[in-house]
Ligand SMILES: [Zn+2]
């Protein structure tokens, strides 16, 4: 077994460089800088590693960067996938000035997920320096827009057909084999506008939405009691946004509600839609004046990996070597690009560093875990692509 030693100093410096580059997703924050600067940095770092570098813009001004370490034969290819965008920095003092304290690096994107990207580059460096000959390709995909609509990975799966993938979203070095999906549903109740003094003429769409909310609340309790999925627990829903009415003295003619329903592996969008429609149908049956529609606005499927698959096996064995024990199986509540890779037929798992505070004002990553992740990825690639 070759040794895959990680150059910690270099890895930490590279992570700090990545954090210094503002890469706020412009879909989340108006005038957000986007991924062009960080993509240029990553492309250069990949060229310096001797990778074949592929840069293209799935959407104007926002480049994906994919670096390939070509295998010598037709062995299995492994994609390491990290997004380059971050969420916004409202309320943060110095989001782009990385600060190290007690083995943690603080700053926007340290945990989500520049630490992982730096670890991927370090893993490739370790593979290169160990001078091993892999028969399959190792592919590092630095993708845009994960924090919004995942245009980056959506474009990657059109262009690359990897056999396996590790998406390095933060998991505290556990092996995430499932996560939830989500469905956004728009419900609209329709009433009749009338002067506030004329109850006989008005139909109050807001009050009718109140009935919907009350039934949804019951459904939410029911969902929480379901067995759900062994790794991700029970499904859930919440009433995310409500808007209705035009003025104090007017019966509201319309009320709109955006519901978010988090799904677990095994649940489908159609099922979720039927559940909501059944609820609306019951309310209509109870009161002929009640009129409402429910429509799916957007959905992402839940993710479930092949627990006995070759990528999971390679990661477990690599974990034994790099961490002293196989990473424990786990599930994540949040959605990741692993779902898109799995839908495209790639055997994908999720595993990333320790840290806290993703999407908050105090985000940090544990640097030891970033170094461990790098070694684990190098060893997993060595096993999987051998
Ligand atoms: Zn992330």
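Computed from the coordinates by the stated procedures, all read-outs in this text should not be read as laboratory data. Just so it is clear, the model here is predicted, and its values are computed rather than measured. Note that each Cβ is placed from the backbone with ideal geometry, even for glycine, and that neighbours are counted across all protein chains shown.
Given R₀ = 51 Å, what would the calculated FRET efficiency be for residue 356 paired with residue 55, taking r from the Cβ atoms and rounding to 0.05?
After rounding to 0.05, the efficiency reads 0.95.
With angles folded into 0 to 90 degrees, how steeply does helix 8-20 sit against the dominant principal axis of the chain? Use alpha carbons for both and round to 10.
Between the helix axis and the principal axis of the chain, the angle is about 40 degrees.
Cα axis of helix 205-225 to longest principal axis of the chain: angle in degrees, 0 to 90, nearest 10?
The answer is roughly 50 degrees.
Starting from the coordinates of the alpha-carbon atoms of region 54-98, obtain the Kirkwood hydrodynamic radius over all distinct pairs and give the value in Å to one decimal.
Taking the inverse mean of 1/r over all distinct Cα pairs, region 54-98 comes out at 14.2 Å.
Please give the length that would be gained between residue 161 and residue 29 if that part of the chain were fully extended, namely 0.36 nm times their separation in residues minus their C-alpha to C-alpha distance (nm, one decimal).
Contour length minus the Cα-Cα distance gives 44.3 nm.
Which of rounded, prolate, oblate describes region 245-357, given a ≥ b ≥ c as roots of the alpha-carbon gyration tensor eigenvalues and a/c under 1.5 marking rounded, otherwise prolate only if a/b is larger than b/c?
prolate
If you fit an axis through the alpha-carbon atoms of helix 310-323 and take the longest principal axis of the Cα set of the chain, what angle between them do you get, 0 to 90°, nearest 10?
With rounding to tens, the tilt is 60 degrees.
Using the 10 angstrom Cβ neighbour count as an exposure proxy, how do 364, 184 rank, fewest first?
In increasing order of surrounding Cβ atoms, one gets 184, 364.
Could you identify which residue out of 50, 196, 32 has the top mean-square fluctuation in a GNM of the chain using Cα springs shorter than 10 Å?
196
For region 133-187 and region 54-83, compute the distance between their C-alpha centroids and round to whole Å.
The distance from the Cα centre of region 133-187 to that of region 54-83 comes to 12 Å.
For the chain, go through all pairs of different Cα atoms, get the mean of 1/r, take its inverse, and jot down that Kirkwood value in Å.
22.4
What does the C-alpha gyration tensor say about the overall shape of region 308-381? Classify as rounded when a/c is under 1.5, otherwise prolate if a/b is larger than b/c, or oblate.
oblate
Based only on other Cβ atoms within 10 Å, what is the fewest-to-most ordering of 251, 384, 160?
160, 251, 384
Using Cα springs under 10 Å in a Gaussian network model of the chain, which residue among 46, 79, 209 shows the largest mean-square fluctuation?
209
Given a Förster distance of 41 angstrom, what is the FRET efficiency for residue 8 paired with residue 260, based on the Cβ-Cβ distance and rounded to 0.05?
0.50
When 99, 211 are ordered from fewest to most other Cβ atoms inside 10 Å of their Cβ, what list results?
Sorted ascending by nearby Cβ count, the order is 99, 211.
Can you give the helix-only mean residue ellipticity at 222 nm for the chain, where every DSSP H stretch with n ≥ 4 adds -39500 (n - 2.57) and the sum goes over all residues, rounded to the nearest 500 deg cm²/dmol?
When only DSSP H runs of four or more count, the value is -10500 deg cm²/dmol.
Relative contact order, percent, of region 192-327 when contacts are C-alpha pairs under 8 Å separated by at least 6 residues?
Worked out over region 192-327, it gives 20 percent.
For region 8-48, what is one quarter of the convex hull surface built on the Cα atoms, given in nm²?
If I average the Cα hull's projected area over directions, I get 3.1 nm².
Gain in length, residue 242 to residue 130, computed as 0.36 nm per residue apart minus the alpha-carbon separation, to one decimal in nm?
34.6 nm
First measure r as the distance between the Cβ atoms of residue 281 and residue 250, then evaluate 1/(1 + (r/R0)^6) with R0 = 25 Å and state the FRET efficiency to the nearest 0.05.
That gives a FRET efficiency of 0.30.
Just check region 181-300 against the gyration tensor rule for me: Cα atoms, a ≥ b ≥ c as the square roots of the eigenvalues, rounded for a/c under 1.5, and otherwise prolate or oblate depending on whether a/b exceeds b/c.
prolate
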